[in-house]
Structure formats: C-alpha cells, structure tokens
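The structure appears right after this line, and notes come after that.
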Amino acid sequence: MASSAPVAHHKALSPSAAAVRVALVTASDSRTPDTNEGGRLLRRLIEESGFSVTSDDLLAEDPAALRDTVARLAGDADVVIVTGGTGIGPRDRTPDAVGALFDRRLPGFGELFRMLSFQEIGPAAMLSRADAGVVGTALVFLLPGSPAAVELAVRRLIAPELTHAVGQLRRVSTHHHHER
C-alpha cells in the first residue's frame, strides 16, 4: 500500500526504544509505594518495551504540585506518563491540572483509549478522562490508575507508537532550532 510508505519512512527515522527517556508519575491520595499496583505495572511494562525509565514519582492529587512536577519532568524526559486521577470523582483532577500545560492536545489518544476500554468494560469507559498532549518537546499521557487501564493503554496504544511519536517531536524541535 502506498499510503503506508510515509509511516514506514517516519518509523525508520525514529529513535530506538532505549533512547526514549520516560518519566513516570502516580497521582494518588490513597496509594503508597507498597500499594501502588498500577504504578508498578506501568514501570514494568515500559521497561519490558525497552524504554528508559528516568524517574518514578508518587504524588498526592494536588493540582499545583502535579502540574509543577509534570512541567519539570517534561523538560528532562521525552515522555511523561501520569497514572491516576482521570475519573470523575471530586479528587480526580489530573486532566484539569496537567491539561493546562498542553501546547497541543492529542485527542486521538483519549478517543482510542475509551473505544478500546468500551470493548472491555462497556459504557463505564465514557467516565474516563484519559488524555494526552505535547508539553514543550515531550509527550504527556494521562492514564487511569487501575492496572487494567494501564495495561491497555501501554500495550495497545503507547508502546507500539512511542518511538515514532518521539521521533516526530525530535524532528520538529530540531527543525525549529535551526530556523532561529
């Protein structure tokens, strides 16, 4: 198919998984390092996919602290993945706090995540506010905290496309730096 040639070309220019730096954040008022099942699974899946985990933080669901942490990590890493706080409960404020940082939103991530979730859990999938965007030159993903949601997002959406997406951002940022 001719239409897949540009994608194949872009993927060929992508960095290796080991060259992609990923910062992990769990946003939770109830989890501790011992009970952070979703966070542990996230780290394992990212490492098994060959990516480099540069940090792994567990934060309370405080919007200002979460926003500041993601902003700082986005300056150091290629990717920041936040798990937790994406539901509709009163303490679920991750998309509100972090979404404010997005230079560009990637609506397709949340749409695909909810579609795949719907296939597994039914209409409750619409209650997820999973989201993604670009902050500076970093991709930022906001995932629910449940291990099933983390596994779905990483295995089906994030891991298969991450080197390609990071390669796209690196080319854009390199291109713009040369123009200045």
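Coordinate-derived values only; no laboratory data. Note that the structure is predicted; figures quoted are calculated from it, not measured. With ideal geometry, Cβ positions are generated from the backbone for all residues, glycine too; neighbour counts draw on all protein chains shown.
If we keep just the residues of the stretch 43-59 that are part of a helix (DSSP H, G or I) and either touching a Gly at 6+ places or on another chain (Cβ under 7 Å) or touching a residue at least 12 places away in the same chain (Cβ under 8 Å) (or both), which is surrounded by the most Cβ atoms within 10 Å (Cβ to Cβ)? Only one residue tops the list, namely I46. A single member of A71, A100 is more than 12 Å from the chain's Cα centre (by Cα), surrounded by fewer than 17 Cβ atoms within 10 Å (Cβ to Cβ) and of a type outside the set (S, T, N, Q), and it is A100.
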